[in-house]
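Worksheet for the structure shown next.
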Amino acid sequence: MPLYICSTQKDALDQPAKEKIANAITDIHCSVTGAPASFVHAVFFEDHPQFSPGDKTLLVRGTIRRGRSDAQKSEIAKKIKSSLAEFGGAEAQQVDALIRETPASWVMEGGEIMPEPGEEAEWFATQEARRQGEQL
């Protein structure tokens, strides 16, 4: 979490483009929200009926933890859309990015309920303490 689902028409992206887009999504999300990169997930689907891009060449649906400002969500969507066009080789009107929110308490990462935005340091400390205890 966050989860970014990238939907494309068949053969719209080669592997290097997918890697560039996934890296851009991670960088954008982390720079805007301050969340750790290890939380960000980007997956790609081609011509999948459930994740159809519709009339677009590329579409990203991002689900992020609730608590981000409208300005942050707008910035994430704009920057991702720009990256899709750049790395996907598509015209700006053929790409789109949608951002939606979900409560952190509805999501698990590494088998644990996600922390609220801003509470990541404590969450990581708890995870590290648990790992240290398991190694004893």
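FYI, it's all coordinate maths here, none of it is from the lab. Quantities reported herein were computed from a predicted structural model and do not represent experimental measurements. Cβ: placed from backbone, ideal geometry, glycine included. Neighbour counts: every protein chain shown.
Structure above, values below:
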| read-out | value |
| --- | --- |
| Built amide H within the under 5 Å cut-off of Arg66, gap 5+ | Thr102, Ala104 |
| Charge dipole (debye, nearest 20) of the chain; +1 at Cβ of Lys and Arg, -1 at Cβ of Asp and Glu | 240 |
| Neighbour-count ranking [beta-carbon atoms within 10 angstrom, fewest first] of His41, His29 | His41, His29 |
| The stretch 7-13 - phi-based ³J(HN,Hα) in whole Hz, Karplus 6.51/-1.76/1.60, Gly and Pro as x | 10, 9, 6, 4, 6, 6, 10 |
| Exposure proxy ranking, count of Cβ atoms within 10 Å, fewest first, for Met114, Met108 | Met108, Met114 |
| Fewest-first ranking of Arg66, Arg131, using other Cβ atoms within 10 Å as the exposure measure | Arg131, Arg66 |
| For the stretch 73-86, Karplus couplings with θ = phi - 60° (6.51, -1.76, 1.60), whole Hz, Gly/Pro x | 4, 5, 5, 4, 4, 4, 5, 5, 4, 4, 5, 4, 5, 5 |
| The stretch 3-135 - percent relative contact order, Cα under 8 Å, separation 6 or more | 28 |
| Protection proxy ranking, peptides 67-74, 88-95, average beta carbon neighbours within 10 Å, highest first | 88-95, 67-74 |
| Phe44 long-range amide H proximity, modeled H, under 5 Å | Cys6 |
